[in-house]
Structures are given as C-alpha cells and as structure tokens.
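The values are calculated or read from the model by the stated rules, or taken from the named source; none is laboratory data. Bear in mind the structure is a predicted one, so any value in this text is a computation, not a measurement. Note: ideal-geometry Cβ built from the backbone for every residue, glycine included; neighbour counts use all protein chains shown.
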Amino acid sequence: MEKDLERDNAGNMRVPITGEICEEVVEDNYVFVVTDDVRANVMKWAKSEDAVVPQHIRNKILQEIEANNP
C-alpha cells in the first residue's frame, strides 16, 4: 500500500485523497509448542458437552489436533 501513499514535509506517510496520516504497523507471528498433556486436554474438551461450539467447529478442532499430532 505504501506505493499509494505520499510523504509530507515532516516525513509522515499520508493518504493522498484524505490527508490521513498512516502509522506503520509491524506484526510478529508466534509458533506455540503444544505439549501432549495440553493436546489431550483440548481433545477432551472438544469431545465433551462442555464445549459450546458448533459441531463443525468441534470437528475441525479435532481434525487439526489429530493431523498435527507428532
């Protein structure tokens, strides 16, 4: 998107039409290592009646856990 912005005299990046200043945002991605006991607890929760999620979401959670089981 930077190619669509203009830099003002103060060095700020601005939207040409509105003049709004754009703030640079940086995001870090994290990888979480899940231990076997946590995986087992999540599967237990997903299979229980305490999990207040639609069945298709529950199935997806279980599929992802089983697919990523080392």
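Here are the numbers for the structure shown:
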quantity: Pick from the stretch 17-37, criterion of a type in the set (A, V, I, L, M) and surrounded by 12 or more Cβ atoms within 10 Å (Cβ to Cβ), ranking: nearest to residue 4 (Cα to Cα); calculated: 21
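Residue by residue, here is whether (1) in a helix (DSSP H, G or I); (2) of a type in the set (Phe, Trp, Tyr); (3) modelled with pLDDT of 85 or more; (4) within 23 Å of the chain's Cα centre (by Cα) holds:
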{"position": "24", "(1), (2), (3), (4)": "no, no, no, yes"}
{"position": "30", "(1), (2), (3), (4)": "no, yes, no, yes"}
{"position": "44", "(1), (2), (3), (4)": "yes, no, yes, no"}
{"position": "50", "(1), (2), (3), (4)": "no, no, no, no"}
{"position": "57", "(1), (2), (3), (4)": "yes, no, yes, yes"}
